[in-house]
Amino acid sequence: MAIVSKQRLPFPVGTDPQSVRQRVEAMERVLERLFVIPGIKQSVGLDAILDVVPVVGDVAAAALGAYIVWEGRNLGMSKFQLARMSGNVGLNWLLGLFSVIPVVGVVPTLLFRSNSKNLKIIKRHLDKHHASTATIEGRVSKPQ
């Protein structure tokens, strides 16, 4: 007997480029822009929060960042692009790992934003090779 639920998953599970784009954008949002610190208007995500925990947090953040690289590999991106993305994740991991004081180690993570850089690489690839997934970003203004 199968249990049938009418609820949809909060993220697309397909392998088509549009579903991959939505998953990668959602992961980047969670890792880099989960909430904004009031007063300084700096967005912080799970990546920076995990960097407070000395070694385990850096490894966990790198594993979550590696998911974005894995999705890029599934899209058929070039080895050069995958190497750049892996380098971004590795550099972010090293910056967090070499921080002696946990709270100070968050600063390079806030400034480098490897997952946002990787999202840009994936978006460029998708816009070039899968133009139907492109989204137009901009402001909507009220007609006068």
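Where a number appears in this text, it was derived from the coordinates with a stated rule and is not lab data. Treat the numbers as computed from the prediction; the structure is a model and nothing was measured. All Cβ positions, even for glycine, are placed from backbone atoms using ideal geometry, and neighbour counts span all protein chains on display.
Pairwise Cα distances in segment 17-129 exceed 18 Å for 46 percent of all pairs. Spin-label model, VAL107/ILE40: points 7 Å from Cα along the beta carbon direction are separated by 0.9 nm.
Computed over the alpha-carbon atoms, segment 70-128 gives an Rg to Rh ratio of 1.08, Rh here being the Kirkwood radius from the mean inverse distance. Spin-label model, SER19/LYS79: points 7 Å from Cα along the beta carbon direction are separated by 2.9 nm. Cβ-to-Cβ counts within 10 Å put ARG124, ARG23 in ascending order as ARG124, ARG23, the fewest first.
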